[in-house]
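Asks: Handing you a structure now.
The values are calculated or read from the model by the stated rules, or taken from the named source; none is laboratory data. These figures come from a predicted structure and were not determined experimentally. Here Cβ is always computed from backbone atoms with ideal geometry, including for glycine, and neighbour counts include all displayed protein chains. In case anyone asks, the SASA skips ligands and DNA or RNA and just uses the protein heavy atoms, side chains included. Shrake-Rupley method; radii C 1.70, N 1.55, O 1.52, S 1.80 Å.
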Amino acid sequence: MGLEVFSLENKIALITGGGTGIGLGIAKAYHEAGATVVITGRRKQVLKDAVAELGDNVHYRVNDITNKKEIPNLVKDIETNIGPIEVLINNAGIHYKGMAQETSDEDFEKILQTNVISVFALTRECAKYMLQRKKGSIIMIGSMAGIFGIDKVVAYGTSKTALTGLVNALVTEYSTSNVRVNAIAPGWIESNMFLNAINNDPQRKQQITNRIAMDHFGQTSDIGNAAVFLSSEAAKYITGVVLPVDGGATVNF
Ligand code: NDP
């Protein structure tokens with residue numbers, strides 16, 4: 001069997017939050033694997049810069065994922081003007097650092113809106129088309145905070161844990177239509193979100209470093225390459241997994 005099972009040639013991938021960090025790393029890896037890529041985010045200039053960096057076959061749409069009324073329009077626009085979405089990467093997410101006792105209901109709700117409720121709304125809309133075509137791959141971007149308990153991220157950790165529930169439930173309903181649903185749980189990956197979260201907190205940084213068996217932070221391309229595999233034909237019998245890409249952090253003592 002040739003390496004073509006790993007290719008994403010002729011596939012269209014929608015990557016939310018694809019203009020920065022992990023999303024941009026995924027967009028790069030998909031582009032290199034031959035996919036047509038559509039990236040979204042709230043900041044037009046960030047998206048334009050990313051498209052200019054990536055080259056041909058990369059499109060952007062300015063979209064706030066929490067504006068749920070817009071989701072059907074976004075998906076229809078891409079389906080009509082670019083082509084059938086075969087891969088959805090739910091990467092857009094926000095972080096909130098604060099002890100549980102200092103986290104307000106509003107803080108908690110804001111995180112859930114972006115990281116879970118909008119993810120479900122976009123997934124349901126894209127799946128409408130995928131289920132009809134009997135073809136699709138949906139990937140959630142989870143977190144270590146969805147696998148084990150981490151202090152100071154109660155809302156974020158709850159939101160990422162909820163994505164596992166979403167994966168499990170959707171697998172029971174989508175699998176007979178050949179729509180696969182998986183998640184990647186990135187470890188600590190060098191992106192602005194992560195660097196902002198640990199800046200000025202050397203103790204936290206040390207705690208994290210101690211946890212990583214491979215002894216160093218990950219790169220956004222590490223997540224991109226894992227996502228390419230999960231959405232390629234090489235992974236056609238893989239659905240319902242949460243794949244840690246974490247330098248061994250999950251199992252390290
Ligand atoms: P970034 O902050 O660089 O990326 C977040 C992206 O999401 C941005 O492009 C942002 O664009 C977009 N985004 C945020 N809110 C919205 C919204 N309402 N609508 C549309 N787009 C939105 O951080 P990362 O790359 O690190 O994070 C990407 C994902 O990876 C997140 O889900 C995060 O939780 C997850 N993750 C990251 C880890 C890490 O170590 N870096 C570890 C584990 C998980 P814009 O602001 O322009 O809208």
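Asks: Sorting K110, K69, K11 by accessible area (1.4 Å probe), largest first, what list results? If you can, show how the numbers build up before the last one.
Replies: Values: K110 135, K69 180, K11 15 Å².
Largest accessible area first, the list is K69, K110, K11.
Asks: Another question about this same structure. Using amide H atoms built in the peptide plane, which far-off residues or other-chain residues are under 5 Å from A185 H to H?
Replies: For A185, whose amide H was placed from the backbone, the distant partners under 5 Å are G142, L243, V245.
Asks: Calculate, for segment 1-158, the solvent-accessible area per residue in square angstrom, rolling a 1.4 angstrom probe over the heavy atoms of the protein chains.
Replies: I get 48 Å² per residue for segment 1-158.
Asks: Can you list residues whose amide H is under 5 Å from H59's amide H, if they're 5+ apart or on another chain and H is modeled 1.01 Å from N?
Replies: V37, V38, I39
Asks: Over segment 10-147, what relative contact order in percent results from Cα pairs under 8 Å that are six or more residues apart?
Replies: Values: 202 pairs, mean separation 34.6, N = 138.
Normalised by residue count, the contact order of segment 10-147 is 25 percent.
Asks: What list of ³J(HN,Hα) couplings, whole Hz, do you get for segment 65-80 from phi and the Karplus terms 6.51, -1.76, 1.60, once you set θ to phi - 60° and write x for glycine and proline?
Replies: Result, rounded to whole Hz: 4, 7, 7, 5, 4, 7, 4, x, 5, 4, 5, 5, 4, 5, 4, 7.
Asks: For K135, which lysines qualify as cross-link partners when the Cα separation must be under 26 Å and same-chain residues fewer than eight apart are set aside?
Replies: K11, K28, K68, K69, K76, K160, K236
Asks: Specify whether the C-alpha gyration tensor of segment 103-236 places it in the rounded, prolate or oblate class, a ≥ b ≥ c being the square roots of the eigenvalues: rounded for a/c under 1.5, otherwise prolate if a/b is larger than b/c and oblate if not.
Replies: On the way: a/c = 2.62, a/b = 1.54, b/c = 1.71.
Oblate.
Asks: Give the aspartates and glutamates whose C-alpha is closer than 14 Å to that of K48, dropping any in the same chain fewer than 8 places away, or say none.
Replies: Straight-line reach from K48, under 14 Å: D56.
Asks: When all protein chains stay in place, what accessible area (Å², nearest 10, 1.4 Å probe) is found for E190?
Replies: 90 Å²
Asks: Continuing with the same structure: For L74, L243, write out the residues from largest to smallest accessible area, computed with a 1.4 angstrom probe and no ligands counted.
Replies: The residues order as L243, L74, largest area first.
Asks: Explain nothing, just the number: dipole magnitude of segment 20-139 about its Cα centre with +1 on each Lys and Arg Cβ and -1 on each Asp and Glu Cβ, in debye rounded to the nearest 20. Walk me through the numbers on the way to the answer.
Replies: Details: 16 positive and 15 negative charges, 83 e Å.
Value, rounded to 20: 400 debye.
Asks: Using +1 at the C-beta of Lys and Arg and -1 at the C-beta of Asp and Glu, which of Y174, I111, G21 has the Cα lying farthest in the positive direction of the dipole of the chain?
Replies: So the residue we want is Y174.
Asks: Same structure again: Please report, as a whole percent, how much of the solvent-accessible surface of the chain comes from carbon and sulfur atoms (probe radius 1.4 Å). Please report the intermediate quantities before stating the final value.
Replies: Values: 6430 of 12550 Å².
About 51 percent, which is the carbon plus sulfur part of the accessible surface.
Asks: Output ³J(HN,Hα) for segment 102-117: one whole-Hz value per residue in order, computed from phi by the Karplus curve 6.51 cos²θ - 1.76 cosθ + 1.60 with θ = phi - 60°, and x for Gly and Pro.
Replies: With the stated coefficients, segment 102-117 comes to 9, 8, 7, 4, 5, 4, 5, 5, 4, 5, 5, 4, 6, 7, 10, 5 Hz.
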